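Undergrad: One structure coming up, written as structure tokens, with questions to follow.
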Amino acid sequence: MDGYSEVSFVRDYQPGNNRRVELKNGRFLDVINGRYFDPGVSVVLQGDRIESMPGLSGEPIDTKPDFTIDLKGKTVMPGLLNTHCHIQMTFPSLLSGLKDIMLNRSHGGRQIERNMADCLVHGVTNIRDAWTEDLFPNRKLKERISNGLIPGPRISQAVVVSQTGGCFAPKHRFGEHLMFWFAGMPVVDFERDDSGVVAFPPHASESEVRDAVDRAIDDRGADCIKIYDQRERRVSFEPGATLMTIKQLEALTDQARSRGVKATMHHVSVESFRRGVAAGVSSLAHFPQDGSLNAGDVKAFVDSGCIIEPTLSVAYDLCWNVEGYPFYDHPQLIRLSDFRDRTFAPLVDEYWLPELGEGVLKGFEKAKGGKTKLFGLIDTSGAFRYHAGFISYGMENLRMLAEQGACMACSNDAGAVPRTEGMVGHELAMYNFFLSAESGGKQLDLFSNEENGKSQINGADALRIATINSARAMGLEDKFGSIEAGKTADLVIVEGDPIEDFHVIGSRVAALFMDGRLIINECGLRVESVR
């Protein structure tokens, strides 16, 4: 059963672009201030926008709607955002067998469609694809969503700009060609207009770097420039990848800024954290895992206005308490293992096609048992060893950033198992995991709201992370991320109180408005004419 087949997507709600529709008797969330708007406030939609919010100071009080919808006390959030995913990656596991790979080649397209629909089912209306080898499938996917052929969120596309020899602009080896082919992602030459990478020579001048940014925007349609700042190769995680010079980095970020697009940097080291902040990147994807940040690092980050997109769900997939791995007996890794044992199968059941879900679960059991060979032949233990520091240095660094008020966004690196684009709720649960600590010698139950297991992330913070902060990270805060007059009418209707319980955020919606249209209605909302 497809994940969204239990939800009916509404197709007959057509009041007309010039008609006003008032949403009344709802609990509308002011995510910026972490509270509800006063009772009596309503929201008037016209076309794809929020026209006004009667009941707020300075808003019109004599707006006459053509239609009303009674929300019957339900909670209304702005649409959620996922700032970092990889849509075309549906690889069941780093430890897949040949049967699983062939199933992925047969059913990967259906899984992608399910992932797109599942975004809406869980209130996610904007996502950013942070890299894809071949841009053509994403372009076709966006076209199908735009034409109403399949349900899905808006998709922003990042394009990598890199020096040749960088982590994601290597000279492709035969093994990489083979692995990508099996995964259904053929390698694309960097010079082609459908390549997700624009490469420049290692010793390129600042002018050549700026030209590469322009090509990414003008020829490849980049909504964001992606930088990979990693000294290790992308598949083997062995040393050998090169980094840009700081002058090249500065030229890249400055050109992106002058063109009105964001520049986000993949980084997993203290060195790259410092380079990214110094160069003026708009956001840092992931977080340092090879050592500790100091107070000066954190202050420089906060002062720069940079945003962290930590993709905490990476630890869920790649950190294992297997003897011989770094930090295998770390107490937080034991906590993570317990969390994963309780939640992995339900996540797979909720988000994966049965044809692929079995392979995802088999990969989980292999990783848990320390079996690290793809196809039973290719050793992938390098990926697990390389990312082990997420659970030690990474956790400490994230806490330090949080304590000093760093701006954090919601990103889960979807495409890497078991993550899919709609798993915003799971990413927030990982925030709670990373920011939790032992209390009185007793470990907290992270998923209880009882007195002995209170959440460490409050609902107001979680809302900002998944809405306005993520909109800022994507450069979309003028249109999305909060409920305000003039913004696009993406509104998520839910049961429950997300301020009291962050688990409500990213749960299955009761109803969803997108571009002012009611596209999911699982709670019997009725459009009533007032004339």
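Undergrad: At pLDDT 95 or above, more than 20 Å from the chain's Cα centre (by Cα) and buried (at least 18 other Cβ atoms within 10 Å of the Cβ), is that true of A251?
TA: Considered against the rule, which asks whether it is at pLDDT 95 or above, more than 20 Å from the chain's Cα centre (by Cα) and buried (at least 18 other Cβ atoms within 10 Å of the Cβ), A251 comes out as yes.
Undergrad: Also: Are any residues in region 356-372 buried (at least 16 other Cβ atoms within 10 Å of the Cβ) and either more than 18 Å from Y325 (Cα to Cα) or out of contact with any Pro (no Cβ under 7 Å at 6 or more places or on another chain) (or both), and if so, which ones?
TA: L356, G357, E358, G359, V360, L361, K362, F364, K366, A367, T372
Undergrad: Going through G394, G422, G389, G382 one at a time, which residue ends up being in contact with a helix residue (DSSP H, G or I) (Cβ under 8 Å, 6 or more places away or on another chain), in contact (Cβ under 8 Å) with a residue 12 or more places away in the chain and more than 23 Å from G506 (Cα to Cα)?
TA: The unique qualifying residue is G394.
Undergrad: I've got another one for you. Scan region 63-99 residue by residue and report those that are within 20 Å of I493 (Cβ to Cβ) and buried (at least 23 other Cβ atoms within 10 Å of the Cβ).
TA: Within region 63-99, P65, I69, M77, P78, G79, L80, L81, N82 meet the criteria.
Undergrad: Just for region 277-297: of the residues that are over 23 Å from the mean Cα position of the chain (by Cα) and part of a helix (DSSP H, G or I), which one is surrounded by the most Cβ atoms within 10 Å (Cβ to Cβ)?
TA: A279
Undergrad: I need the strands (runs of 3 or more DSSP E) fully contained in region 492-531, keeping only those with at least 1 residues that are at pLDDT 95 or above.
TA: Counting at least 1 such residues, we get 511-514, 517-521.
Undergrad: When you scan region 481-512, how many residues do you find that are farther than 18 Å from D118 by Cβ and either crowded, with 22+ Cβ neighbours inside 10 Å or polar (S, T, N, Q) (or both)?
TA: Of the residues in region 481-512, 8 are farther than 18 Å from D118 by Cβ and either crowded, with 22+ Cβ neighbours inside 10 Å or polar (S, T, N, Q) (or both).
Undergrad: Kindly check whether there is at least one residue in region 338-353 that is at pLDDT below 95 and in contact with a Ser or Thr (Cβ under 8 Å, 6 or more places away or on another chain).
TA: no
Undergrad: Being under 25 Å from L149 (Cβ atoms) and of a type in the set (A, V, I, L, M, F, W, C) is the filter here; which residues of region 494-524 pass it?
TA: Passing the criteria: V509, A511, L512, F513, M514, L518, I519, I520.
Undergrad: Kindly indicate whether any position in region 82-97 is in a loop (DSSP other than H, G, I, E, B), in contact with a Phe, Trp or Tyr (Cβ under 7 Å, 6 or more places away or on another chain), within 29 Å of E477 (Cβ to Cβ) and aliphatic (A, V, I, L, M).
TA: No.
Undergrad: Would you be able to tell me the number of residues in region 134-156 that are surrounded by 21 or more Cβ atoms within 10 Å (Cβ to Cβ) and either outside the structural domain of L249 (by TED's automatic domain parsing) or touching a Gly at 6+ places or on another chain (Cβ under 6 Å) (or both)?
TA: Going through region 134-156 one residue at a time, the tally reaches 1.
Undergrad: I would also like to ask the following. Can you find even one residue in region 487-507 that is in contact (Cβ under 8 Å) with a residue 40 or more places away in the chain, among the polar types (S, T, N, Q) and in contact with a Phe, Trp or Tyr (Cβ under 7 Å, 6 or more places away or on another chain)?
TA: Yes, region 487-507 contains at least one residue that is in contact (Cβ under 8 Å) with a residue 40 or more places away in the chain, among the polar types (S, T, N, Q) and in contact with a Phe, Trp or Tyr (Cβ under 7 Å, 6 or more places away or on another chain).
Undergrad: Which of (1) touching a Phe, Trp or Tyr at 6+ places or on another chain (Cβ under 7 Å); (2) assigned by TED's automatic domain parsing to the domain that holds T372 does V43 not meet, given it meets every other one?
TA: Unmet condition: (2).
Undergrad: If you go through region 458-481 one residue at a time, do you hit one that is at pLDDT below 95, assigned to a loop (DSSP other than H, G, I, E, B) and on the phi < 0 side of the Ramachandran plot?
TA: For region 458-481, residues at pLDDT below 95, assigned to a loop (DSSP other than H, G, I, E, B) and on the phi < 0 side of the Ramachandran plot: present.
Undergrad: Among the residues of region 265-276, is there at least one that is under 21 Å from the mean Cα position of the chain (by Cα), among the hydrophobic types (A, V, I, L, M, F, W, C) and not in a strand (DSSP E or B)?
TA: yes
Undergrad: Somewhere in region 307-322, is a residue without any contact (Cβ under 8 Å) to a residue 60 or more places away in the chain and out of contact with any helix residue (DSSP H, G or I) (no Cβ under 8 Å at 6 or more places or on another chain)?
TA: No, region 307-322 contains no residue that is without any contact (Cβ under 8 Å) to a residue 60 or more places away in the chain and out of contact with any helix residue (DSSP H, G or I) (no Cβ under 8 Å at 6 or more places or on another chain).
The values are calculated or read from the model by the stated rules, or taken from the named source; none is laboratory data. In this text, all values refer to a predicted model and were calculated from it rather than measured experimentally. For neighbour counting, all protein chains shown are included, and Cβ atoms are generated from backbone atoms with ideal geometry for every residue, glycine included.
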